[in-house]
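J.: Below is one structure. I have some questions about it.
The values are calculated or read from the model by the stated rules, or taken from the named source; none is laboratory data. A quick note: this is a predicted structure, and the numbers were derived from the prediction, not measured. Glycine gets a Cβ as well: all are built from the backbone with ideal geometry, and neighbour counts include every protein chain shown.
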Amino acid sequence: MYLRTSDPFIARRAAATTTKLRVDTGVALVALRDPVIAAKTIATLDWQSAGRLELDVGYGWNEEEMATHGVALADGPARVAETLALMRALWGNDIEEFVGEVVSVEPSLSWPKPTAPGGPPVHLGARAGNAVFADIAAWSDGWMPIEGYGPIVEAIPRLRHAFEAAGRDPDDAQVTVYSSAGSPHDIERYQPAGVKRVVCWLPPVAERDLMANLDELTTRLEPYKRVAGS
C-alpha cells in the first residue's frame, strides 16, 4: 500500500475545511526535503488549519531511498535535527539565517509563520532507544512509536528520564501510539502509562467499507475518548 501513499502535506488539505480535526503528517521524511521549501509548506498547512497541525518526523530507514536523495542512512538523525532547527529559525524572526553542518540558509524571509511560536508540535517516529530518546528530549515534543514494533509502555520511563536529564519536565514528554489496531486491552494499558494519543489504522479500501470500519472503530473507542486539553 505504500507504493500509492499520498504526499503527507497535500493530503492534509482537509485542514482547510474542518474546524476541530487535528492534522498529522504520519511520518514526514524532512531529511529528504529541501528545508526552506519544507518550512514554507509546513507553516502554510499549520496556518490553514489554525494551529491544528502535528508534525510527525522520522530519520528514514530505506537506504536506497535516502541514497537517491543524496543522504546517507547514518546521517539521517543529524540531518533531521538540523532541518528542524533551520525551519524553526525561519519560523521565528522576520529575517533569519541558519548555518549548520549539513543544511544552511542565508538571511531570508519566510512567510506565513506557524500559529504557535516555534512551529507545530514535533513527534519523532522511531523504535525505543537511548539515542532516540536523547534526540526527542533535545529537539522534539514527543515520541511516536508504531504499535507492534517493540515495547511501548515499558519504554516510557526511559523517555521521561531522558527529558529529566535534558533539563525538561518529564510530564512534557508526549507519547502518541501510531498505527494502532484500537484494541481496548491496549488502550487500557496506554492510558495509565502516560500515552497522550492513539492514532488508529484504517485499511486502504473502498469508501463504503472504509466508513463502516470507521464507524465500528468509533463505537468501540467511545469509552476512551477524551476532550482535547484534558
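J.: Being closer than 29 Å to Arg158 by Cβ, under 22 Å from the mean Cα position of the chain (by Cα), among the aliphatic types (A, V, I, L, M) and assigned to a loop (DSSP other than H, G, I, E, B): is that true of Val195 here?
T.: Yes.
J.: Now for a separate question. Taking the options Ala162, Ala131, Ala155, Ala137, name whichever one is under 23 Å from Gly51 (Cα atoms), part of a helix (DSSP H, G or I) and not acidic (Asp, Glu).
T.: One residue alone meets the criteria, Ala137.
J.: Is it true that some residue in region 63-78 is in contact (Cβ under 8 Å) with a residue 24 or more places away in the chain, assigned to a loop (DSSP other than H, G, I, E, B), out of contact with any Phe, Trp or Tyr (no Cβ under 7 Å at 6 or more places or on another chain) and crowded, with 16+ Cβ neighbours inside 10 Å?
T.: Yes, there is a match, as at least one residue in region 63-78 is in contact (Cβ under 8 Å) with a residue 24 or more places away in the chain, assigned to a loop (DSSP other than H, G, I, E, B), out of contact with any Phe, Trp or Tyr (no Cβ under 7 Å at 6 or more places or on another chain) and crowded, with 16+ Cβ neighbours inside 10 Å.
J.: Anything in region 79-89 that is of a type in the set (A, V, I, L, M), crowded, with 17+ Cβ neighbours inside 10 Å and closer than 15 Å to Val30 by Cα? List them, or say none.
T.: Val80, Ala81, Leu84, Leu86, Met87
J.: Restricting to region 101-128, and then to whatever is over 30 Å from Glu147 (Cα atoms) and either under 15 Å from the mean Cα position of the chain (by Cα) or among the acidic types (Asp, Glu) (or both), can you tell me which residue is surrounded by the fewest Cβ atoms within 10 Å (Cβ to Cβ)?
T.: Result: Glu106.
J.: Let me confirm something: among Ala166, Ala193, which residue is more than 19 Å from Gly58 (Cβ to Cβ), surrounded by 13 or more Cβ atoms within 10 Å (Cβ to Cβ) and either β-branched (Val, Ile, Thr) or touching a residue at least 40 places away in the same chain (Cβ under 8 Å) (or both)? Working first, answer last.
T.: Numbers: Ala166 fails: either β-branched (Val, Ile, Thr) or touching a residue at least 40 places away in the same chain (Cβ under 8 Å) (or both).
None of the other options fit; the residue is Ala193.
J.: Pairs only if they're at least six apart or on different chains, beta carbon under 9 angstrom, first in region 202-230 and within 22 Å of Gly26 (Cβ to Cβ) and of a type in the set (D, E, K, R), second modelled with pLDDT of 85 or more and loosely packed, with under 10 Cβ neighbours inside 10 Å; list them, first residue then second.
T.: Listed by first residue and then by second, the contacts come to Asp209/Pro203.
J.: Kindly indicate which of Asp141, Asp169 is modelled with pLDDT of 95 or more, over 20 Å from Arg79 (Cα atoms) and not small (Gly, Ala, Ser).
T.: Residue meeting the stated conditions: Asp169.
J.: Being more than 16 Å from the chain's Cα centre (by Cα) and either touching a residue at least 40 places away in the same chain (Cβ under 8 Å) or buried (at least 20 other Cβ atoms within 10 Å of the Cβ) (or both) is the filter here; which residues of region 42-62 pass it?
T.: Of everything in region 42-62, those that are more than 16 Å from the chain's Cα centre (by Cα) and either touching a residue at least 40 places away in the same chain (Cβ under 8 Å) or buried (at least 20 other Cβ atoms within 10 Å of the Cβ) (or both) turn out to be Thr44, Trp47, Ala50.
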